[in-house]
1. How high is the relative contact order of the chain, in percent, counting Cα pairs under 8 Å that sit 6 or more residues apart?
2. Among the listed pairs K31/K267; K244/K267; K141/K236; K212/K254; K36/K297, which are separated by more than 20 Å between their Cα atoms?
3. What accessible area per residue comes out for the stretch 141-297, rounded to a whole number of Å², with a 1.4 Å probe?
4. Two-decimal Rg/Rh of the stretch 198-270 from alpha-carbon positions, Kirkwood Rh?
5. If I compute solvent accessible area with a 1.4 Å probe over the protein chains, what percent of it on the stretch 71-148 is carbon and sulfur?
6. So how far apart, in nm, are the two label points at Q110 and N40 if each is 7 Å from Cα heading toward Cβ?
7. Hey, got the dipole for the chain? About the Cα centre, +1 on K and R Cβ, -1 on D and E Cβ, debye to the nearest 20?
8. Under 10 Å, Cα contacts only: if you run a Gaussian network model on the chain, which one of H53, H29, H278 comes out with the highest mean-square fluctuation?
Amino acid sequence: MNAPYNHNPEAADKARILAEALPYIRRFHGKTIVVKYGGNAMTDDTLKTSFAHDVALLKVVGMNPVVVHGGGPQIEQLLARLGKKAEFVQGMRVTDSETMDVVEMVLGGQVNKEVVELINQAGGKAVGLTGQDGAFIRARKMRLAPTKENGHVDLGQVGEIESMDPSVIAALEDGGFIPVVAPIGTGADGTTYNINADLVAGKLAEILRAEKLVVLTNTPGVLDKDGKLLTGLTPKKIDDLVAKGVISGGMLPKIGSALDAARNGVKSVHIIDGRVPHALLLEVLTDQGVGTLIRSK
């Protein structure tokens, strides 16, 4: 006689999760998902590995992930080693040519190559690039409006996006590769510029007509003044919440580029907690999600 079936709750859980993922896999097959990678997910070894596995898996099941990364802490470390003091104005790093050399070395080299290698180790085929490759991000110097306290401030080689040509990204996607983008652009005269990674991710999501923009942060998502998680937002709802002072302070710049993306055709934007292992998979492939969802309409 056969032994009775030994019910394994762990296996049953796995089966349920896979069944739940199927409609999402079907719905987002062939769609582009732009992921802004930053915060703890970029510095904690376990989270780094789980992120790389998530990205590789999304590609294997037929989606087109594109990763845009920052690298603030790593830039800080190298500048400190070189004895150079960081200077910030309105949250922007003042970037002289020596600092820009460090930015290029860290973002375009060390960090970019590490992310590429992690994804490749997880079974993906990642390719690293900066906005200089294929003249993909054209930038111009960012000029801040003068303030009473500071007068006119020159941020140096800090750029804003003038235009993007996503054909190099499309070519990589078509070849089965996962693009990993460092947020550096080039001006018309060949000057390189350091660009905020959130801005690059938001703009890239717009230009690629991405299904989703997913932003990994060190918070549970967009919080109100009492620290409660807000979700199911639309650009109009967010405007109301900002007007009422429910969303304020550090959350505003975080959602600025996300909001632009939602207004300009990206169907949904997710601001998620990158401190949760496999946050990316949970957000894209399950009913629960782990952060704030902003729908375009």
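1. Across the chain, relative contact order equals 22 percent.
2. From the list (K31/K267; K244/K267; K141/K236; K212/K254; K36/K297), the Cα-Cα distance tops 20 Å for K244/K267; K141/K236; K36/K297.
3. 45
4. 0.95
5. 51
6. In this crude spin-label approximation the distance works out to 2.3 nm.
7. Around 780 debye, computed over the chain.
8. H29
The values are calculated or read from the model by the stated rules, or taken from the named source; none is laboratory data. All values reported here derive from a predicted model rather than from experimental measurement. Glycine also receives a Cβ, built like all others from the backbone with ideal geometry; neighbour counts cover every protein chain displayed. These area figures cover heavy atoms from the full protein model, side chains too; ligands, DNA and RNA do not enter into them. Shrake-Rupley method; radii C 1.70, N 1.55, O 1.52, S 1.80 Å.
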